[in-house]
Amino acid sequence: MAYSVSRACDLSVSSGEIFLISELSYGCAQGPQEGSSVKLLGRLEEHSPTTFQARLALDGHSIEINTRLLGGVVLREGYLYQFIGELESAEHDALRLRAR
């Protein structure tokens, strides 16, 4: 039996546009906006597996990362990581990455 998938149901996921953490600024017209799919590289400064929160930093700039969708992946502080996900609003007019 043959199955077909309707072209109207596109389930593709963006691989994220590459940005530096320093280029992320909430409400900045030139940078990515809330909901944008981005790819970020940085060193993991801190990670709490119980709250699914992490902080990624590079060249003196940092961003909060929501790691809930990553499941039980083991992240080590001090290591260099690349995260792909969507930007969401965080406290104090900042952006946070919802990693996937």
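No value in this document is a laboratory result; all are computed from the given coordinates. Worth saying up front: this structure is predicted, and the values here are computed from it rather than measured. Positions of Cβ are generated from backbone atoms using ideal geometry, with glycine treated the same way; all protein chains shown enter the neighbour counts.
Along the Cα→Cβ direction, 7 angstrom out, place labels at LEU41 and SER15. What is the inter-label distance in nm?
Taking the simple label geometry, LEU41 and SER15 are separated by 1.4 nm.
Each residue of the range 36-48 in order: what ³J(HN,Hα) in whole Hz does its phi give by Karplus 6.51 cos²θ - 1.76 cosθ + 1.60, θ = phi - 60°, with x for Gly and Pro?
5, 8, 10, 10, 10, 10, x, 9, 6, 7, 7, 7, 10
Is the range 30-100 rounded, prolate or oblate when judged by the Cα gyration tensor, a ≥ b ≥ c being the square roots of its eigenvalues, rounded requiring a/c under 1.5 and prolate requiring a/b larger than b/c?
Cα axes put the range 30-100 in the prolate bin.
For the range 35-100, what is the relative contact order in percent, using Cα pairs closer than 8 Å and at least 6 residues apart in sequence?
Normalised by residue count, the contact order of the range 35-100 is 37 percent.
Count the net charge of all other residues whose Cβ sits under 11 Å from the Cβ of ARG98, scoring Lys and Arg as +1 and Asp and Glu as -1.
Its environment carries a net charge of -1.
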